[in-house]
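J.: This is the structure I want to talk about, given as structure tokens.
The values are calculated or read from the model by the stated rules, or taken from the named source; none is laboratory data. Note that the structure is a prediction, hence the values are computed from the model and not measured. With ideal geometry, Cβ positions are generated from the backbone for all residues, glycine too; neighbour counts draw on all protein chains shown.
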Amino acid sequence: MAVLNRGLVFGALASIILAAPAFAGDQKKTDQAKPDPRQGAEVDSICFGRNINDFSTIKGVDNAALLRANVNDWYKVDLIGACYSSRLRFAQSVAIESHPAGGCVSNGDYLIFSNSAFGRPSNSADVSRCAISRIYKWDRDAAGDDKADEKPADKDAD
């Protein structure tokens, strides 16, 4: 009788173990965040007349920033590096590395976020050097649940 019970226990455990990955897969599908409706199509580059006109962060979104080109053309850039929202929201200026007179940025180019309004400070802790990994058009007027979370980089995002 003890052998029979042990067999039932092992059989039950085996079926639970085998069913767990299927359940986890279903759980992952429901846990994935919905895409932000403000994010548009991916683009190859952003061209600026002379400088980046404006920039901001998206509250709670790390490794991303919003850049404004021209009058009202906003773009979301996905960033690589120590480019956390908690750091970038205090940035006072942003520059394109090795493009001093404006120009275009594309994937692989670097942005320098500085806590100084007058360029790169001497303290490297006040600078974030971020590589652009992807660029998307951004529609600030599109409906989004967290639209109010979008804050200018030089304002407190809390």
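Each row is one residue, and each column tells you yes or no for (1) outside the structural domain of residue 61 (by TED's automatic domain parsing); (2) under 18 Å from residue 62 (Cα atoms); (3) at pLDDT 85 or above.
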| site | (1), (2), (3) |
| --- | --- |
| 79 | no, yes, yes |
| 86 | no, yes, no |
| 92 | no, yes, yes |
| 96 | no, no, yes |
| 113 | no, yes, yes |
| 123 | no, no, no |
| 127 | no, yes, no |
| 134 | no, yes, yes |
| 148 | no, yes, no |
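J.: Scan the range 76-84 and give yes if some residue there is assigned to a strand (DSSP E or B) and over 14 Å from residue 134 (Cβ atoms), otherwise no.
T.: Scanning the range 76-84 turns up no residue that is assigned to a strand (DSSP E or B) and over 14 Å from residue 134 (Cβ atoms).
J.: Among the listed residues 29, 59, 34, identify the single one that is touching a Lys or Arg at 6+ places or on another chain (Cβ under 7 Å), among the charged types (D, E, K, R) and either at negative phi or at pLDDT below 90 (or both).
T.: 59
J.: Please specify each residue of the range 74-105 satisfying the condition of being touching a residue at least 60 places away in the same chain (Cβ under 8 Å) and among the charged types (D, E, K, R).
T.: Once the filter is applied, which keeps residues that are touching a residue at least 60 places away in the same chain (Cβ under 8 Å) and among the charged types (D, E, K, R), the range 74-105 yields 76, 89.
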